[in-house]
Each structure stands twice: as structure tokens, then as C-alpha cells.
Amino acid sequence: MKYVVLLCDGMADYPVEELGGKTPMQAARKPYMDSLAKKSQVGLVKTVADHLKPGSDVANLSVLGYDPAVYYTGRSPLEAGSIGIDMKPTDVSFRCNLVTLSDEPEYADKTILDYCADDISTEEAEILIKYLAEHFDSEEFRLYSGVSYRHCLIWNNGTLEVGTLTPPHDITGKPIREYIPTHPNAAKLYDMMVKSYDLLKNHPVNQARVARGQRPANSMWLWGEGVRAQLSPFEEKYGLKGSMISAVDLLKGIGKFSGMHVVHVEGATGYIDTNFEGKARAALKELADGQDFVYIHVEAPDECGHRHEIENKVKSIEYIDGRILKLLLEDMEQYDDYSILVVPDHPTPLALRTHTNDPVPFLIYRKSKECPGVDCFSEESAAATGLRVDTGHLLMEKFIKG
């Protein structure tokens, strides 16, 4: 028996006027998802409880069967583990985005123009983070470079009592004055953010980016604080040897802490230019090599939602369907039995450019237990079935036990 989760990050949405009142899922041409939906269990799952922030951290823990109320200690510690940081129990970690800010004289008057600095390359970002580390690293603070715009700050003997730190993708296009850290304990963090602008604005990497018509990565932005993560091994929980395939440190960290085999896929970027086929082939190889369970995380729909890229969000769903799911279905017919779960972690509505905690559609297909389903896979068709999983972390048990 083989199990595959195809996690389409941020795929769920609201009806979009430019798409004729359809959601991207409804507008996308996705024959393989729709074909599965006709013979699958289809319904809605509440991956993020109302009292929790609808981040990919909470939502993916939930989909994987880990109750966030028990296991969630913050987003950044999961990413820290992925890039090899061995956090002490007294450490606090923060996600450090490299962002593009506008050029008003006062830092607090600036606006976040881009939460990812035009998807800055990992190579360029590493140069900038190392440059910042030369100025900020101490016995108290240490910067670590990650992937693209996603990096990590460790605060030795730090505190979680820092007030509200807002994710930059939630406030793109907005002046930052209302979102800068104001808690006294966050004064050192804010001071680093302010100084980072002065250090980065004329850095040669950014001068070259501007010359190429790209946005500069001219400031760090801190958020996602947390303490060291502890997850029960996935194999202990479910009796399955699992693998994690993702381009982003967050999911790699979840895979690492849950004892999964974390797979690197060349050309996996976390955006619509990712190596879709490479992810499918990597998953199939894991299964062929003896793994029971593979979790394929695809970030592209989420990134398109944050950027209000309507056409690209539709296209990203079509790419997942035709360049991942198609390959999976063709190859997995060799197995006597297999099961596939297709689900977003949370919605990332184009109209809002950020996450919500609305229930998301899911489909569960099992080769040996085909059942009457729905004509197409969408938010509306899933709601119409009346099947609902109100506690997100219970979906995994439903998926595995059938």
C-alpha cells in the first residue's frame, strides 16, 4: 500500500471577477484532479482552528496529522531545523525576510513594496545575509542564511514576549508604521531592521539588481518567532516510512523533525518556475525505493495568491495537475493498491493577498475503494457533498485508514 499527499499550498480561493466569477480551481483546466474527484471522497477540511493564525506552519502540521495545539512552537524553529541550526531550549528564532522597502527618509514611513525582493536568488541573498551578520552577529544574536528571501535570526536567551510581529506578505503595499515592533523587548530587533536598510540600500548586490531592473533586497523583516520544535516521529504515529518533498525550509523542517526522509529536488524554487516533473519523479523514486508515504508540497499557488497573479495562479494549478498528478497516476498503477490525498493547506485568496482559515476542499482516492464523487474538484463541489472534517489533524487518520 502506497500513500501520496499532493499539498497544493494556498490553492483554495474566492470567486474572482476577472475569471468570470469562478475561483482559480474552477477556472483551471485540471483533467486529472477532476477525473479523480469523480471516484473519490470529496469534502471540506478545517485545517486551521479559528483561534490560530492561518499560516502554512499550522496548516501543514494539521494536514500531516499533528495537532497544532500540542506540537506548534512557532514557524521559524521549523525552518531553523531545516537549515541545520541546533537550537538550544533557551533560544528564540525569527524568520528573517529580505524585503523591498520604499525610499522615504524615515524607516517608519516606508512601505513594503515586495515581501520577497523579486524572489532574490539564494546566492545573492547569502551574500547579503553574511554582510548583515558581520554587523549584527554577537553572543546574543546570530544570522543564518536560508533559501531565496527566507532566512533565520537566533536570539540566545531571548524571549517570546515581543508583541506582534507581522508577516510581510500580509502587508505588501502598505505603510509599515502601524506594523513596526513597539514592545520594549523588541527594541533590539527593530533597531536591526532599521540599520539593515542603511547597510543594504547601496550594497553592490542591490546596485546590480537595480541595474537589471530588479527590486533591491534593502531591508530585513523579522517575524514568526518560536522556540525549539519537538514532533513525534511520523513512522511511530502511523506505522509508515515517510518522505518529504518541498522547495521551502518550513516543510523541510517539518519533515526533519517528524523523522521523514527529506528529498532535495534540483530546480525546486517554490514558485511557478519550479521543477514540477522533478518533484513527481522524486516522489515515485521514494516509493519505488521502499517508502510507504510521500508528502509533495507545491508552493506555487500560494506565492501567486500573495502577488495577486490571477493568470499564474490558474496556471500553477494546471501545472500541478498535468506535470505532477498525471505522472503519479500513470506510474502508481503498478501497485496493487494506493491512495492519494489532494488538498490545499489553507486558502490564499487573490483578493486579500494573504491566508485565511476558511475550510479547504480535499479529495481522497483509493484504488481499491473507488466511490461516487463529484464532477469536478473545487471549493463549491466539495462543500456540496456535505462531508466535512472539522478538526484538521484528523484528516490524516481518515486518509490512511480509508
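Data for the structure
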{"item": "Net length gained if the chain between Glu18 and Gln207 were fully extended (0.36 nm per residue, minus Cα distance)", "result": "64.4 nm"}
{"item": "Gained length - Lys174 relative to Asp375, 0.36 nm times residue gap less alpha-carbon distance", "result": "68.3 nm"}
{"item": "Eligible lysines near Lys241 by straight Cα distance, threshold 21 Å, same-chain separation 8 or greater", "result": "Lys2, Lys252, Lys256, Lys279, Lys285, Lys367, Lys398, Lys401"}
{"item": "Region 76-167: relative contact order in percent, alpha carbon pairs under 8 Å with at least 6 residues between", "result": "32 percent"}
{"item": "Electrostatic dipole magnitude of the chain [Cβ: Lys, Arg +1; Asp, Glu -1; Cα centre; debye, to 20]", "result": "540 debye"}
{"item": "Residue among Pro175, Pro204, Pro216 with the largest mean-square fluctuation in a Gaussian network model of the chain, springs linking Cα atoms under 10 Å", "result": "Pro204"}
{"item": "Dipole axis of the chain (+1 Lys, Arg; -1 Asp, Glu on Cβ), positive-most option in Gln26, Thr73, Leu98", "result": "Gln26"}
{"item": "Rg in Å to one decimal, and Dmax rounded to a whole Å, for region 81-220 via C-alpha atoms", "result": "14.4, 44"}
{"item": "Gain upon complete extension [Ala351, Ala69; 0.36 nm per residue less C-alpha separation]", "result": "98.6 nm"}
{"item": "Ranking by accessible area, most exposed first, for Tyr3, Tyr179, Tyr72 with a 1.4 Å probe", "result": "Tyr72, Tyr179, Tyr3"}
{"item": "Most fluctuating residue given options Pro372, Pro301, Pro167, as computed from a GNM of the chain linking Cα atoms under 10 Å", "result": "Pro372"}
{"item": "Dipole magnitude (debye, nearest 20) for region 54-181, charges at Cβ of Lys, Arg, Asp, Glu", "result": "340 debye"}
{"item": "Modelled FRET efficiency - R0 56 Å, Asp289 with Asp109, Cβ distances, 0.05 increments", "result": "0.55"}
{"item": "Probe 1.4 Å, protein heavy atoms only - accessible area per residue of the chain in square angstrom", "result": "39 Å²"}
{"item": "Where a label projected 7 Å from the Cα of Asn156 along Cα→Cβ would reach, residues of region 65-91 with amide N under 15 Å", "result": "86-91"}
{"item": "Percent of beta bridges antiparallel (DSSP, the chain, rounded to nearest 5)", "result": "60 percent"}
{"item": "Spin-label proximity, Glu235 to region 243-259 - amide N less than 11 Å from point 7 Å beyond Cα toward beta carbon", "result": "243, 259"}
{"item": "Portion, in percent, of the accessible area of region 110-222 that falls on carbon or sulfur, probe 1.4 Å", "result": "49 percent"}
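The values are calculated or read from the model by the stated rules, or taken from the named source; none is laboratory data. Quick caveat: nothing in here was measured; it's all calculated off a predicted structure. So basically every Cβ, Gly included, is an ideal-geometry build from the backbone, and we count neighbours across all protein chains shown. Accessible surface areas use protein heavy atoms only, side chains included; no ligands, DNA or RNA. Shrake-Rupley method; radii C 1.70, N 1.55, O 1.52, S 1.80 Å.
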